[in-house]
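Structure first, commentary second.
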Amino acid sequence: RSWLANEGSKHLFLFSWLSLNVWLFWKTFLLYYQGRQYYYLHQMLGLGLCISRASASVLNLNCCLVLLPMCRVLLAFLRGSQKVASKKTRRLLDKSKTFHVTCGVTICIFSVLHVAAHLVNALNFSEHYNEDFQALNAANYRGEDPRKLLFATVPGLTGVIMVLVLFLMCTASTYAIRVSNYDIFWYTHNLFFVFYMLLMLHVSGGVLKYQTNLEQHPPGCIKPNQTLQQNMTVPKAFEDLLPDYTTEPFPEDLSVPEPFARNAFMSVCSEEPKFQSHFPETWFWISGPLCLYCVERLYRYIRSNKPVTITSVISHPSNVLEVRMVKDDFQARPGQYVILHCPRVSALESHPFTLTMCPTDTKATFGVHLKVVGDWTERFRDLLLLHSSQDAEILPIFHQRRYPKLYVDGPFGSPFEESLNYEVSLCVAGGIGVTPFASVLNTLLDDWKCYKLRRLYFIWVCRDIESFRWFADLLCMLRNKLWQENRPDYINIQLYLSQTDGIQKIIGEKYQALNSRLLIGRPRWKLLFDEIAKCNRRKTIGVFCCGPNKISKILHKLSNSSNSYGTRFEYNKESFS
């Protein structure tokens, strides 16, 4: 039951989305298979027509929606302005990255189907060249090399380039490449703009056409010539129904359809079929989201165009760097994140970091903690510490050092904004994953009485003892404040040292309060959840996790497990979009 509860919601969403795409594919397939206006084109291309158009409809839908989860400002607005009143609905906004990935995978799958169908279409256009319906032919003559249709036409050439771009984007989005070399993922993913521009050109070719004069020329009808009419036996009851134009010559190179040879009940036509290209429907699908995304990117560029003022840079143990900044009119809520861009590190590359300190009414300073684990963070650290010592103190702004220009885009919403909206919250951090909770703790240090939160369980798991010193001062100050205000039960701090050669303590009498909360080993999650449920009967507890996937999966599973105390756990996880 717990496994079903853990995986059920995710699998249900994936199944529902897959069902919607399959339903759209099937409906479009039947439209082109049974549609009278596509009769002659279907006779020429066969099922390749139906499959290519059905897959194109699915691609239109997903290319439209894949951009919406990347509209970070829109998502932050919906969450922060309380336009979405329901907490459950707001939690769906946290799945934006999952939805984006799902749309991307769907695009890859149906692109393969779309390409395969058009390869068959190119071959059929060449082999089934029809001299009677010149407007339908994409080939110039029978037996033309299909490769000319792929590389010498606008739809074909743009399609080939889009396949290459999509291949680069998909392969560079795999977990292995993102972890080993994030730069490759970043640069290839920004090829999406090229992809959309090619897509706009791709659909403007008008290769596939439909018949417009169905009443004057019913699909499959014939124009019998005089000889055929004389040699046929037509029932007298139908002689008066045959119009005068039936005496017009029948095309010599067009064979007489078999049904007409058997009887005279076949429809007759008054004019040749007329064909017309579809208006590019893709423009309707993607123009709105694409314009919305472009407007948002322009707004973000204008908003982040002015560099911030770095007030201090502090080097912490275990390769962690703290950067404190100020910026005019910058406002943020605890739990949100920003995107940092340093042109001297990389002209185009930027990275998200959770705010560990938010500006308040009394101070304008905000800050981030970043762990030096890649090329970008290494170059960024070297630039910041070039004129700064390892024990850099906080200097006044008018005495600040000459730091490189740094631009901040944001803030943007995250699940941890909800941590203050529960009466009871359980916050679990693994290593540097503590950063989202640091801003929450800083906010509670300023004033905790104005929030709904009345009890906070804070679990922090680290591999080495020095990592706890990142926020040891903050934890001690918050604990002392709550003790002075006679609320020692407001926060329950548990620190776990997962790897150690022996029993260690956080150095100094300054952290004596934390030494008593330090445990050796890993948390016993099942017992921990049972204890929390027992102490908070029939309450809804928000569970927030930022750490390794292994911990996340365990907490997700336990959050969806039932208990005998009537306590409900709602799981949330950090996920940068």
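Using θ = phi - 60° and the Karplus form 6.51 cos²θ - 1.76 cosθ + 1.60, what ³J(HN,Hα) does each residue of the stretch 63-70 get, whole Hz, x for Gly and Pro?
5, 6, 7, 5, 7, 4, x, 8
With the contact rule set at Cα under 8 Å and sequence spacing of 6 or more, what percent relative contact order holds for the stretch 415-574?
Working: 264 pairs, mean separation 44.4, N = 160.
Contact order relative to length: 28 percent.
In Å and on Cα atoms, what radius of gyration and Dmax does the stretch 415-574 show?
15.1, 43
Skipping prolines and chain starts, which residues have an amide H placed within reach, meaning under 5 Å, of the one on Thr356, given they are 5 or more residues away or on another chain?
The answer is Gly367, Val368, His369.
Just in the stretch 21-85: which trypsin sites (Lys or Arg not before Pro) are loop by DSSP and have at most 16 other Cβ atoms within 10 Å? The partial results should precede the final answer.
Numbers: sites: Lys27, Arg36, Arg53, Arg72, Arg79, Lys83; in loops: Lys83.
Of the trypsin sites (Lys or Arg not before Pro), the ones in loops of the stretch 21-85 whose Cβ has at most 16 other Cβ atoms within 10 Å are Lys83.
Where the centroid of each part is defined by its Cα atoms, how far is the stretch 316-352 from the stretch 288-315 in Å?
So the separation of the two Cα centres works out to 11 Å.
What residues have an amide H closer than 5 Å to that of Lys274, excluding those fewer than 5 places away on the same chain, when H is modeled at 1.01 Å from N in the peptide plane?
Thr212, Asn213
Tell me the carbon and sulfur percent of the accessible area for the stretch 415-574, rounded to whole percent, probe radius 1.4 Å.
Values: 3490 of 7320 Å².
Within the stretch 415-574, the accessible surface is 48 percent carbon and sulfur.
Might you tell me the accessible area per residue for the stretch 415-574, computed with a 1.4 Å probe and given in Å²? Numbers along the way, then the final one.
On the way: 7320 Å² over 160 residues.
Result: 46 Å² of accessible area for each residue.
Return the sequence-ordered ³J(HN,Hα) values of the stretch 128-140 in whole Hz as given by the Karplus equation 6.51 cos²θ - 1.76 cosθ + 1.60 applied to θ = phi - 60°, using x for Gly and Pro.
So the Karplus estimates, Gly and Pro as x, are 9, 4, 10, 6, 7, 10, 4, 5, 7, 6, 8, 7, 8 Hz.
Mind jotting down the three principal axis lengths of the stretch 124-229 based on Cα atoms? Whole angstrom, largest first.
Here the Cα extents, ordered largest to smallest, are 77, 30, 20 Å.
Please give the length that would be gained between Leu150 and Val112 if that part of the chain were fully extended, namely 0.36 nm times their separation in residues minus their C-alpha to C-alpha distance (nm, one decimal). Write down the numbers at each step before the final one.
On the way: separation 38, 0.36 × 38 = 13.68 nm, distance 1.54 nm.
Taking 0.36 nm per residue and subtracting the Cα distance, the gain is 12.1 nm.
The values are calculated or read from the model by the stated rules, or taken from the named source; none is laboratory data. These numbers come from a predicted model, not from an experiment. FYI the Cβ positions are ideal-geometry reconstructions off the backbone, even for glycines, and counts take in every protein chain you see. Side chains are part of the model used for accessible areas, which takes the heavy atoms of the whole protein and leaves out ligands, DNA and RNA. Shrake-Rupley method; radii C 1.70, N 1.55, O 1.52, S 1.80 Å.
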